[in-house]
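Since the structure comes first, as structure tokens, the remarks are kept for the end.
Each value in this text was obtained by applying a stated rule to the coordinates, not by laboratory testing. Here the structure is a predicted model, which means the values were calculated and not measured. Here Cβ is always computed from backbone atoms with ideal geometry, including for glycine, and neighbour counts include all displayed protein chains.
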Amino acid sequence: MAQTTQISFTVNGIRHELSVEPRWLLVDVIREQLGLTGTHIGCEHGVCGTCTVMVNGETARSCLMLAVSADGAEILTVEGLAAGEGLHPLQEAFREAQGLQCGFCTPGMLMLAHELLRDNPAPTEQDIREAMAANLCRCTGYQGILQAVALAAGRPATPAGTR
Amino acid sequence: MATVERQWIGKDVPRLEDPKLLAGRATYTDDVRLPGMLHAAVLRSPHPHARIKRIDTSRARALAGVFAVVTGEDAKELTNPLPAFCAEPVVQYALAVDRVRFVGEAVAAVAAVDRYTAEDATALIDVEYEPLPVVTDPFEAMKPTTAKLHDPLPSNLAFEKTLTFGDVAGDFASADRVVRRKLRWHRASAQPLETAGAVCRYDPVSQRMDVWSNTNMINFVGWLIAGTLKVPASKLNIHPMYVGGSFGSKHVLGKVIGIAGMLAKRAGRPVKFMEDRVDNLLASENLACDRFYDAELAVTRDGIFKSIRIHVVDDYGAYFQFGHGTHGNALAQVTGPYRMASFEYTVQCVLTNKCQQGVFRGAGSDAGNFCLERLVDGAAQELGMDPVEIRRRNFIAPDRFPFKTPCGNIYDSGNYPAVLDKALEMADLAGLRRLQADARKQGRYIGVGIATAQQRSVYGPTEFWFWYDSPGLTSAPESVGLSLGPTGEFIVTMFSPFWGNSPETVVAQTLAEEFGIDPAQVTVTYEDSQHGLPGAGPGGSRMTVMLTGAVVGAARKLKDKLAKIAAHHFEAAPEDIVFANGRAAVRGAPDKSLPYNELGLKAYWFKLDLPAGTESGLEARHTYDHPYLTKPSADRKDLGAFYPMMGHGVHVPVVEVEPETGRVRFLRYVAVHDVGTIVNPKSLRGQITGGITQGIGMALYEESAYDGDGQPLTGSFMDYLLPTAMEVPAFEIGHVETPSPFTEYGVKGGGEGGRMIAPAAIASAVEDALAPLGVRVSELPLTPERIVALADAARAR
């Protein structure tokens, strides 16, 4: 078997000591070794952003990052977003504005929005659009996602446009 | 139209699906983990056409962690050919046998302890190829002298047919003008963010094969997979998964199931094969139609449409999996929302050295609508008429429904002028024209597009075979199970999987309406194929209609029993029992009512309180058949009603085009849809905005391109461009509701309209923007290169 390296990192507040092959991607370690399957794989070449997680407070594409590069890091995945049972207010906003359909890109979108609202609690519509354009969604046409982020920011949601 | 007051249908209730999806707790195929499970990777052909002379897998087998390596030889031994929906002799295995016919075709597959090791092993497989002649141009391919892709076929022209309905020759002869357009619709692909995949577990002792896969049709054609996997159909069990988007691309998935299945047989362990994005882009069931139209519209000088004649060459790629089904879809609405007495449709399906077509939202009607609406815009231009007026003048009037089209398909209901009026009112067309005129004075190119479309929904399977002389399938049912437990809680079981939108919510809202309960109280589950009832699964915009129908049917059966029990209790007549506000009550006697939990408890555990002859328990199952399907006539002059629930829509996009850079920017986008009674407005809005966004992709960005040597040019998301949040406008969505007379609650399907209308509407808008240059749009996507070339060519004229 290939050589492995000892690393440790914290995921959603739980510290892990792991033995990984240096070539293993962070997303594969999160999913395969830790069993946290809420983080999904969309393209494995860094374009779609489906696998986005937070590493040391910054969003990262876990399909472009080696697990060994996350040694010592604090990682947040979708499973750690809500405190306790129930949904995080951001997740509630996604539900209310229907910022999702199939749910596959959703964990990555939540991570993007989480970072945006932490750094910019009162984003303009353009701020939201630019930030959320980092990830791809194939179902919604983005309108619900943008409205969800605006809703979560405590601003009145952009008019739904439905008459 | 009388307005019916409803408690839940038509209300924006929160989706039942959302909490688990938002929490990352739904189980998608890649989330399945079984003890001892191996991971697969596939070696794909670098050649568009070649004979496989020799495959040496010894180095791959010797790699530590590798359990099995399979090739075409193993595919022949362990499997049968993949299910195909065509009568023509085009044989396809999950792994190429003897010969590869497109770049990316699976040649060998490995099962190993992890995906990394499996991929390492594929690099150790040595394949010797003998290149064969490559053909990528369908016109070249169909020549009798061109080398054939499939020996049993007479040529690469796999299928050819002309269907004529009404007096086409007469209508063309008496027309004042014939508008002719040659149009090009390139292949796009569905690209759901979740790729296709399967986990297979085989028990050689019992011959049992369990499959966990994001295939959409677990009951309808699931048994065909048993044939492919060479297991008895009764021993195959397909488990429904949460599906991360399909858009038509996950109907069958015989390739991934076949590969995982044969590896599971060979390795004696469960095997997971998830496509990576490259697998999906190059070799899945993603690719849409790829058509060359030569089309003519016969019109009078007053702009009345008399007839349409379409000749379409469709480049199917290397195999013929879904046959000409996408042309059956197009036939459902060839004449669109317009009165026409006749039409002729000639299709030539050609095989070339590219990945085969699958299905993508719109499924052939998308291209068909682009063709029709380009002709309509062409007629307006040539006759000097307003593009809105010419459409309005030809609309089927609201009092003409049900309307029989020239080929016999029925349009159930519609109010096309109302949809158009609403779109124009929302868009403020006069204001837009002023904006456009002012912009032109400043040298800016602003365009207003308009397109209509029919939104056929609830397909009938006759469309697969009315092309041939012999008859075929006539069922496309959907079923649910319903139970009311002893605690008064309702459970609905579905027999088709979650494919990416809101089936659970539709089911819960319908049941809530039937029983007067809160939809949030309904539990919805999915059943595997071994315990399944008939269900054709998602596809052809059918699920909202079919699930609504199935739930209403099951609710009626359950109510019959509940009414008997309640009537017995109150010494009333069963027909006097009504169901509302969470209770069964005697009509007109409000004090005589029982809540569902008391009825449930009684039905399950108080047998001696039940009327004589009543079994314990409260359970009903219902299979809802296609609500309006008729047989084609023997001479095929009348194809019967096969796609009768007909929605409608009008889009008005406003774009600004830069002819120097080719950039297209949306200033506004108005879309009005009529898909009958709306069950959940928010869910429908998502379908519309998502569909339009895919239509924007088709119109401006997306093309699954090959070069002339058969090499794919779009092998990553860097090349195959999906629209991001920056490319879409703030959509303005409006609704008209014309209920269907044939379905429960008057529901129609609304899954595909956005993508069917947007390409035609955007083409119209770009053409309108560049009208001062005299540009004609006849090819999509309108990439910057194409727009600059169109503008330059127009200026040079």
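Please compute the volume of the convex hull spanned by the alpha-carbon atoms of the range B:26-98 and report it per residue in Å³.
169
With a cut-off of 8 Å between alpha carbons and a minimum separation of six or more residues, what is the relative contact order of chain B in percent?
Result for chain B is 16 percent.
In whole Hz, what ³J(HN,Hα) sequence does the range B:290-301 give by Karplus (6.51, -1.76, 1.60; θ = phi - 60°), x for Gly and Pro?
The phi angles translate into 9, 10, 10, 9, 10, 10, 9, 10, 8, 10, 8, 5 Hz.
Identify the GluC sites (Glu not before Pro) of the range A:53-114 meeting these criteria: DSSP loop state and at most 16 other C-beta atoms within 10 Å of the C-beta.
Filter output for the range A:53-114: A:E85.
If Rh is defined by the Kirkwood formula over all Cα pairs and Rg also comes from Cα, what ratio Rg/Rh do you get for the range B:703-797?
1.09
Provide Rg and Dmax in Å for chain A, with only Cα atoms included in the calculation.
That works out to 16.3, 62 Å for Rg and Dmax.
Report the label-to-label distance for B:S778 and B:D12 in nanometres (one decimal), using points 7 Å from each Cα along the Cα→Cβ vector.
Between B:S778 and B:D12, the label points sit 4.5 nm apart.
Using Cα positions and a limit of under 18 Å, work out the lysines in reach of B:K272, with same-chain residues fewer than 8 apart set aside.
Counting by Cα, and skipping residues close in sequence, B:K272 has these lysines nearby: B:K250, B:K255.
Would you kindly give the portion of the calculated P(r) for chain B that falls above 48 Å, as a percent of all Cα pairs?
22
Whole-Hz ³J(HN,Hα) for each residue in the range A:107-119, computed from phi via Karplus 6.51 cos²θ - 1.76 cosθ + 1.60 with θ = phi - 60°, x for glycine and proline: what do you get?
x, x, 5, 4, 5, 4, 5, 4, 5, 4, 6, 5, 7
List, in order, the whole-Hz ³J(HN,Hα) value for each residue of the range B:474-482 obtained from phi through the Karplus relation with A = 6.51, B = -1.76, C = 1.60 and θ = phi - 60°; use x for Gly and Pro.
Each residue's phi maps through the Karplus curve to give 9, 10, 8, x, 8, 10, 9, x, 9 Hz.
If one takes the longest principal axis of the Cα atoms in chain A, at what angle in degrees, from 0 to 90 and to the nearest 10, does the Cα axis of helix A:143-152 lie?
Between the helix axis and the principal axis of chain A, the angle is about 90 degrees.
Under a point spin-label approximation (7 Å from Cα along Cα-to-Cβ), what is the B:A634-B:T27 distance to one decimal in nm?
Modelled inter-label distance: 5.2 nm.
Which whole-number percent is the relative contact order of chain A (Cα, under 8 Å, 6+ apart)?
Contact order relative to length: 22 percent.
Please list, short to long, the whole-number percent of alpha-carbon pairs of the range B:130-194 in consecutive 10 angstrom bins beginning at zero.
14, 25, 28, 24, 8, 1
So if we plug the beta-carbon distance of B:V178 and B:R54 into 1/(1 + (r/R0)^6) with R0 = 41 Å, what FRET efficiency do we get, rounded to 0.05?
Efficiency, rounded to the nearest 0.05: 0.10.
Based only on other Cβ atoms within 10 Å, what is the fewest-to-most ordering of B:K354, B:K11, B:K20?
B:K20, B:K11, B:K354
On average over all directions, what projected area in square nanometres does the range B:346-440 have, based on the convex hull of its Cα atoms?
Directional mean of the projected Cα hull area for the range B:346-440 stands at 10.2 nm².
Express the C-alpha Rg of the range A:5-80 as a ratio against the empirical globular expectation 2.2 N^0.38 Å, rounded to two decimals.
With N residues counted in the range A:5-80, Rg over 2.2 N^0.38 Å equals 0.96.
Using only the alpha carbons of the protein assembly as shown, what is the convex hull's orientation-averaged projected area in square nanometres?
41.0
Averaging over all projection directions, find the projected area of the Cα convex hull of the range B:564-644 and quote it in nm² with one decimal place.
Quarter of the Cα hull surface area: 8.8 nm².
Looking at chain A as a GNM with Cα springs under 10 Å, which of A:T77, A:T37, A:T106 has the largest mean-square fluctuation?
Looking only at A:T77, A:T37, A:T106, the biggest GNM fluctuation is shown by A:T37.
Between B:R456 and residues 5 or more places away or on another chain, which pairs have amide H atoms under 5 Å apart, with H built 1.01 Å from N, and which residues are they?
The answer is B:G647.
Considering every pair of different Cα atoms, what Kirkwood radius, in Å, is found for the range B:674-715?
Radius from the Kirkwood sum: 12.8 Å.
Calculate, axis by axis, the spread of Cα positions in the range B:579-724 along the three principal axes, and write the results as whole Å, longest axis first.
Reported extents, whole Å, longest axis first: 83, 47, 32.
Between the range B:132-186 and the range B:743-797, how many Å separate their Cα centres?
24
Using alpha carbons only, how many angstrom separate the centre of the range B:568-586 from the centre of the range A:52-88?
Distance between centres, Cα-based: 55 Å.
Can you tell me what percent of all Cα-Cα pairs in the range A:89-152 are more than 16 Å apart?
More than 16 Å apart: 32 percent of the Cα pairs in the range A:89-152.
Each label point is 7 Å from the Cα along the Cα-to-Cβ direction; what then is the distance between the points at B:E389 and A:Q6, in nm?
Those two pseudo-labels are separated by 8.4 nm.
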